[in-house]
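Right, one structure below, let's go through it.
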Amino acid sequence: MNVLVGGWIMLRIVNVNPSLKEAIIRPLLKKPTLDPSELSNYRPVSNPLCLGKVIERVVASQLQTVLEEMDYLDPFQTGFRVGYGVETALVSLMDDLQLAIDRGCVTLLVLLDLLAAFDTIDHSILLDRLRGLGVGGTALQWFRSYLSGRFQMVSLGDCCSSKSELLYGVPQGSVLSPMLFNIYMKPLGEIIRRFGAGCYQYADDTQIYFSMSASSGEGITSLNAFLDLVTGWTRDNKLRLNPDKTEVLIVRGWNLRDDFDLPVLDGVTLPQKEHVRSLEVLLDPSLSLVSQVETVARSAFYQLRMICQLHLFLELDDLKTVVHLLVTSRLDYCNVLYVGLPLYVVRKLQLVQNAAARLVSGSSRRDHITPVLKELHWLPICFWAKYKVLVITYKALNSLGPGFLRERLLCNEPRRPLRSSGEVRLHLPPARLVATQGRAFSVAAPRLWNTLPSEIRASPSLTSFKKSLKTHFFTQAFN
């Protein structure tokens, strides 16, 4: 019997009494009631025909080719781009923040929040951006026709509102919208870096960080100056910043003072947070990631308890699928950041993996966990994090990842000829990294890479590298 759980997981419940089946299925299929007075978001969602989606994909493929040939997009825009993603943005951001801590600097991390960013894009400005990209003639006419002539309506039950024409925004849910949004936001990163600040963007999520000496008080003045410039740019481009949801985190070492002036955005002093959520990862002032690990472990254990209520009625393949979707996927999300964490922190995630392995294998709490993990072919948490670091390193070295990660990795060139001169070895930067315990990517990646056997480093493809690397770590973990 197929059951829809949470709207997206298909399970097969077998060998169950019909009355018990009904008792299990009914709460899973129960739909929450909607109170019209609680609705606050009327964002239009595009629902194009099948032929329209095909045409969008064809145009998106051609537009992507033009963007790559001209290298047009902001190099630090990581959203909706092949080889880029949340993980690469967070790895680079954490690397900069950790190196700043080790230099004894204080960094102000500002997470900008845009109100309904996709819905406030001005069509004329977007068309000007496309024209600057070299799009003209019939192609530009097509984009103008694609953006105009759209209407929205609100439907609630049997009631429908009147249609209203959409004069701003890109269609939600379409293939082209993310690419058009990246083109629209390109100048913002250039303005921020012009003032000496760092910036990473993932679609409309923008992380700005500004490092300054712990004894200097002039940094906050410069930060306020370019925040005013950012506010002016967003206003000119019909975008709206939300100071109430914009967060600030002061990243510093444990021995540095914390009485710093806070930045001001659009006349509102931004409050300092003890923790901020950057791309769904909780960051704290010392970048210890303790809160992030505790949150992931708590959420994963909750999902395991829910699965335990149904695991007796699920086939083994379905049980593995559900555990992977709801538990191990949470452990894998940005786990590259866990490299170098103290064992007492990583142990909380390892306990989650152990519990998931026991549930899938049917072993008891008294059974030793190492043979269970080996039978399931699951790498322990610490080895899996190292695996992810080295995969990102291989992609960066072979131009399969962002350029800003490749710039952090320098090949080691010996001063005199050696037998190992033909091997791809990385230069380990002479950084102390006492405060961050060597967790920065620019230090951890070369250290792990140089310890790999030469035949793994020389793998001809990413697929063969992943296969050889997992075999290498599997031997280390269970030999």
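The values are calculated or read from the model by the stated rules, or taken from the named source; none is laboratory data. In this text the structure is predicted, and so the values were computed from the model without any measurement. For neighbour counting, all protein chains shown are included, and Cβ atoms are generated from backbone atoms with ideal geometry for every residue, glycine included. Heads up: the accessible areas ignore ligands, DNA and RNA and are worked out on the full protein's heavy atoms, side chains in. Shrake-Rupley method; radii C 1.70, N 1.55, O 1.52, S 1.80 Å.
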Quick test for you: out of Leu115, Leu167, Leu156, pick the one residue that is in contact with a Lys or Arg (Cβ under 7 Å, 6 or more places away or on another chain) and open to solvent by 20 Å² or more (accessible area, probe 1.4 Å). Leu115
For residues that are over 21 Å from the mean Cα position of the chain (by Cα) and surrounded by 14 or more Cβ atoms within 10 Å (Cβ to Cβ), tally how many sit in the range 260-298. 8
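Just a yes or no: is a residue in the range 260-271 of a type outside the set (Asp, Glu) and modelled with pLDDT of 85 or more? I'd like the intermediate steps shown before the answer.
Keep residues of the range 260-271 that are of a type outside the set (Asp, Glu), which gives 260, 262-265, 267-271.
Retained after the next criterion (residues that are modelled with pLDDT of 85 or more): none.
Within the range 260-271, not a single residue is of a type outside the set (Asp, Glu) and modelled with pLDDT of 85 or more.
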Residue identified as farther than 30 Å from Leu270 by Cα, open to solvent by less than 60 Å² (accessible area, probe 1.4 Å) and not in a helix (DSSP H, G or I) among Val106, Val110, Val135: Val135
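Each row is one residue, and each column tells you yes or no for (1) at pLDDT below 95; (2) closer than 29 Å to Pro285 by Cβ; (3) open to solvent by less than 10 Å² (accessible area, probe 1.4 Å).
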residue	(1), (2), (3)
Leu397	yes, no, no
Gly403	yes, no, no
Glu407	yes, yes, no
Arg416	yes, no, no
Gly422	yes, no, no
Thr436	yes, yes, yes
Thr451	yes, no, no
Does the range 312-331 hold any residues that are of a type in the set (Asp, Glu) and either part of a helix (DSSP H, G or I) or modelled with pLDDT of 95 or more (or both), and which are they? Asp317, Asp318
For the range 332-345, the count of residues that are surrounded by fewer than 20 Cβ atoms within 10 Å (Cβ to Cβ) and in a helix (DSSP H, G or I) equals 4
Name the single residue that is least open to solvent (accessible area, probe 1.4 Å) among those in the range 299-319 being closer than 21 Å to Tyr338 by Cα and touching a Lys or Arg at 6+ places or on another chain (Cβ under 9 Å). Ala300
Only one of these is closer than 20 Å to Ala444 by Cα and part of a helix (DSSP H, G or I): Lys348, Lys395. Name it. Lys395
Inspect the range 368-376 for any residue being at pLDDT below 95, part of a helix (DSSP H, G or I) and touching a Pro at 6+ places or on another chain (Cβ under 7 Å) and give the result as yes or no. yes
Considering only the range 320-330, how many residues are surrounded by fewer than 17 Cβ atoms within 10 Å (Cβ to Cβ) and within 30 Å of Leu93 (Cβ to Cβ)? 3
When Val170 is evaluated against the numbered criteria (1) under 16 Å from Asp122 (Cα atoms); (2) in a helix (DSSP H, G or I); (3) hydrophobic (A, V, I, L, M, F, W, C), which criterion, by number, is the only one it fails? (2)
Touching a strand residue (DSSP E or B) at 6+ places or on another chain (Cβ under 8 Å) and open to solvent by less than 20 Å² (accessible area, probe 1.4 Å): does that describe Leu349? no
Right, Leu428: modelled with pLDDT under 90, in contact with a Pro (Cβ under 7 Å, 6 or more places away or on another chain) and in a loop (DSSP other than H, G, I, E, B) or not? yes
Restrict the check to the range 70-84 and report whether at least one residue is outside any helix (DSSP H, G or I), small (Gly, Ala, Ser) and exposed (fewer than 15 other Cβ atoms within 10 Å of the Cβ). yes
Qualifying residue in the range 203-210 (condition: open to solvent by 10 Å² or more (accessible area, probe 1.4 Å), touching a helix residue (DSSP H, G or I) at 6+ places or on another chain (Cβ under 9 Å) and part of a loop (DSSP other than H, G, I, E, B)): yes
Can you list residue pairs whose Cβ atoms sit under 8 Å apart, with the first residue in the range 163-175 being among the β-branched types (Val, Ile, Thr) and the second being assigned to a loop (DSSP other than H, G, I, E, B) and at pLDDT 85 or above? Count only pairs 6 or more apart in sequence or on different chains. Val170/Ile121; Val170/Leu176
